[in-house]
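The values are calculated or read from the model by the stated rules, or taken from the named source; none is laboratory data. This structure is a prediction, so every number in the text was calculated from the model and none was measured. Heads up, the Cβs are rebuilt from the backbone with ideal geometry, glycines too, and the neighbour counts pull from every protein chain shown.
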Amino acid sequence: MTAATTSARVPVTPGRSPVLRALSRPELGSVIGAVVIAAFFATQTDQFATSAGIANVLDVTATLGIMAVAVALLMIGGEFDLSAGVLTASTGLVTALLVDQLGVNIWEGIAWSLLFALTVGFLNGILVTRTRLPSFIVTLGTFFALQGVNVGVTKQLTDTVQVGGVDDAQGYAAARAVFASAATIGDGEFRVAILWWIVVAVLATLLLVRTKFGNWIFASGGAPASARSVGVPVGRTKILLFMTTATAAWLVGTISVVRLTSVQANVGLGEEFNYIIAAVIGGCLLTGGVGSAIGASIGALIYGMTQQGIVFAQWDNDWFPLFLGGMLLAAVLINTVVVRRRAEDSPG
Amino acid sequence: MKPELHPIDDIQAALDGEGDNLPESDVPPHTPLLEVRGLGKRYGGVTALQGINATVNSGEVTCVLGDNGAGKSTLIKILSGVVSYDQGQYLVAGKRVKFSSPRQALDRGIATVFQDLAVVPLMSIWRNFFLGSEPTRGFWPFRRLDVEHAQDVTVAELARFGLDVQDPHQPVGTLSGGERQCVAIARAVYFGARVLILDEPTASLGVKQAGMVIRHVVQARERGLGVIFITHNPRHAYPVGDRFIMLNHGAMVANVTREDIDLNDLTQLMSGGADLDELAHEVQEHHRGPAGAWKPG
């Protein structure tokens, strides 16, 4: 070591301090929002802060949360999936039709349903990466196609738009325990879906921040060309992310079909926007590269708390979409400002 | 041994006293690492590149100069594996290769730092440093990033290039342009690159930042890498270049060593010599003419 080299070592352009950076995390806005909303409904209504009230909120939140987390991973990877909502119905229908029409064991039906979901996810992914069309358009196509198949096939086979009789299937009791059981705590009935949601959120968080694949997700959405130039398989990463949202749709579809023992062919329509809204409220950037699974979960919680809170407060439920729209716009604005401050205020 | 550097403006100041603390490479200096013979590429009916002959040696900087559209980026894309060639030969360590992805080039020790594509701005310094080659520990399904190791290596490797990183979690987007290039260069060197291709690394930078990048070019050379330095600025190329390859309209118009040429000739050659003379002549003509000739209309 010579004096020259020592003196030549220069500190890099400083970033924001760790404290300031923590304050500019995109989840922060959603955490504050969640606390404010919880405090509001807890003080304004009698049911909200009770065991039953919490169980009610979490019931709505859990399935939305599972989807929001998967959609958040996909959005961080730079893509959208508009077919995810309809796919929750498709997967439920596959299971129900196999059980009802062919009399297979419910676990077999659930396995075929998973295979079906993975195929749809793979097709979405391969279409988006091969054609380089916006995923918004490609999955809109899948959305309509699935919607048509859901109703068309169901009508063909059952002459109605509903498939039932799932509870008569072999193995239903075990499936119910895994996907649709509930535990009573106080006077609230807590659904097992809540556990699934927590497991999905924790796994997704570990995947994002502690694995190689997580690193690739951020890079594929944040700067795909740069990622490709250092050897990240961007196309493969995105295909796997579409298969992840499809798998989440299968889980939610299965939870729903086992719990209700029947499926309507037209459920799930419009749900895809709720997943995206929850992910965005939780800090996901629409342009990719930024977001978190925890944020998406909090976004889902805000959705669930508000929807149930309005019921508890006995307000007119028609006002809920207005709140949702306002919340979405506010979240997008906050996210954009936060990210701009995080990365684009560099000198030179 | 340090080659003599020619004094050029501020860049010279930035070069002083650099490269002394870097270890020697396992490849002896001046060994051919990469060679192209009669290399060419056509896009549809358009010839983008033809008849390129060049050798890149270890411990040397090969500068590729040319104006916009001269074929520089096509050459780089072929060398780095982004596109394939359709004429001639491309040899790495004496063996013919035809890459179909940047990953294959990387595996053969050829790393490229693309202009503006060097890093992912929103990701942290350490995540960028290891992107695509992340260290992991544990067994599947518990295999996870070795975060501590990755952060330690990032800080240590950047320190060797003279950058003092306090917090490896800092997003790369908050670094200056020169520092970002440095992260990309240090990364390529750490992952065992034999050949480092730098695509216009100084193009959008100010004098001070450009000086910093050129200093890193020298450091990479001192570590025994063969550096290919693409630029359209002869003032950036001349202080560090051992060999200069000039492209014009997809063809190689010159391939000279530093001994054969000085900065003025290089600049002249670079800007298409004759054209520049003509321009200078025209400007003089205008000045000599009557003042009224300048009025529009």
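Any chance region A:243-256 includes a residue that's β-branched (V, I, T), more than 30 Å from B:G81 (Cβ to Cβ) and within 14 Å of chain B (Cβ to nearest Cβ)? No. Within region A:257-308, the residues that satisfy the criterion of being surrounded by fewer than 24 Cβ atoms within 10 Å (Cβ to Cβ) and small (G, A, S) are A:S262, A:A265, A:G270, A:G288, A:G304.
Scanning region A:186-205 for residues that are within 14 Å of chain B (Cβ to nearest Cβ) and surrounded by fewer than 14 Cβ atoms within 10 Å (Cβ to Cβ) gives A:V199, A:L203. When the residues of region B:175-185 are narrowed to those that are surrounded by 24 or more Cβ atoms within 10 Å (Cβ to Cβ) and more than 12 Å from B:R215 (Cα to Cα), which ends up nearest to the other protein chains (Cβ to nearest Cβ)? Only one residue fits best here, namely B:L175.
Which residue, of B:R127, B:R194, B:R137, B:R160, is more than 16 Å from the chain's Cα centre (by Cα), charged (D, E, K, R) and over 28 Å from A:S17 (Cα atoms)? Outline the logic, then answer.
Numbers: B:R127 fails: over 28 Å from A:S17 (Cα atoms); B:R194 fails: more than 16 Å from the chain's Cα centre (by Cα); B:R160 fails: over 28 Å from A:S17 (Cα atoms).
Checking each option against the conditions leaves just B:R137.
Suppose we filter A:F213, A:F218 for residues that are within 8 Å of another protein chain (Cβ to nearest Cβ), in a helix (DSSP H, G or I) and touching a helix residue (DSSP H, G or I) at 6+ places or on another chain (Cβ under 8 Å); which single one remains? Matching residue, one of A:F213, A:F218: A:F218.
Filtered by the rule that a residue be part of a strand (DSSP E or B) and either surrounded by fewer than 17 Cβ atoms within 10 Å (Cβ to Cβ) or among the charged types (D, E, K, R) (or both), region A:150-168 gives a lone residue, A:Q162.
In region B:60-144, which strands (runs of 3 or more DSSP E) lie fully inside it and hold 3 or more residues that are surrounded by fewer than 23 Cβ atoms within 10 Å (Cβ to Cβ)? First the steps, then the outcome.
Values: elements: B:61-65, B:87-92, B:110-113.
Filter on region B:60-144 gives B:87-92.
Within region B:165-174, restricting attention to residues that are assigned to a loop (DSSP other than H, G, I, E, B) and at the interface with another protein chain (Cβ under 9 Å from one of its Cβ atoms), the residue that is surrounded by the most Cβ atoms within 10 Å (Cβ to Cβ) is B:V165.
Within region A:180-191, residues that are in contact (Cβ under 8 Å) with a residue 12 or more places away in the chain and on the phi < 0 side of the Ramachandran plot have Cβ atoms under 7 Å from residues that are in a strand (DSSP E or B) and of a type outside the set (S, T, Y) in these pairs: A:E189/A:A182; A:F190/A:A182; A:F190/A:A183; A:R191/A:A182, counting only partners at least 6 apart in sequence or on another chain.
Taking A:V280, is it more than 14 Å from chain B (Cβ to nearest Cβ), hydrophobic (A, V, I, L, M, F, W, C) and over 27 Å from A:R210 (Cβ atoms)? Taking the combined requirement at face value, the residue does not satisfy it. The set of residues in region B:151-164 that are crowded, with 23+ Cβ neighbours inside 10 Å and at the interface with chain A (Cβ under 7 Å from one of its Cβ atoms) contains only B:L163. Looking at (1) modelled with pLDDT of 80 or more; (2) crowded, with 18+ Cβ neighbours inside 10 Å, find the lone condition where B:I11 falls short. Result: B:I11 passes all but (1). Pairs meeting the criteria (first residue in region A:282-305 and in contact (Cβ under 8 Å) with a residue 12 or more places away in the chain, second residue aromatic (F, W, Y), beta carbons under 7 Å, at least 6 apart or on different chains) are A:G289/A:F218; A:M305/A:F41.
If you take the residues in region B:108-155 that are without any contact (Cβ under 8 Å) to a residue 60 or more places away in the chain and touching a Lys or Arg at 6+ places or on another chain (Cβ under 6 Å), which one is farthest from A:R341 (Cα to Cα)? Looking at residues that are without any contact (Cβ under 8 Å) to a residue 60 or more places away in the chain and touching a Lys or Arg at 6+ places or on another chain (Cβ under 6 Å), I get B:G138. Every condition in (1) on the phi > 0 side of the Ramachandran plot; (2) modelled with pLDDT of 90 or more holds for B:A156 except the one numbered (1). Scanning region B:186-204 for residues that are in contact with a Phe, Trp or Tyr (Cβ under 7 Å, 6 or more places away or on another chain) and either within 11 Å of chain A (Cβ to nearest Cβ) or in a helix (DSSP H, G or I) (or both) yields B:A186, B:R187, B:D199.
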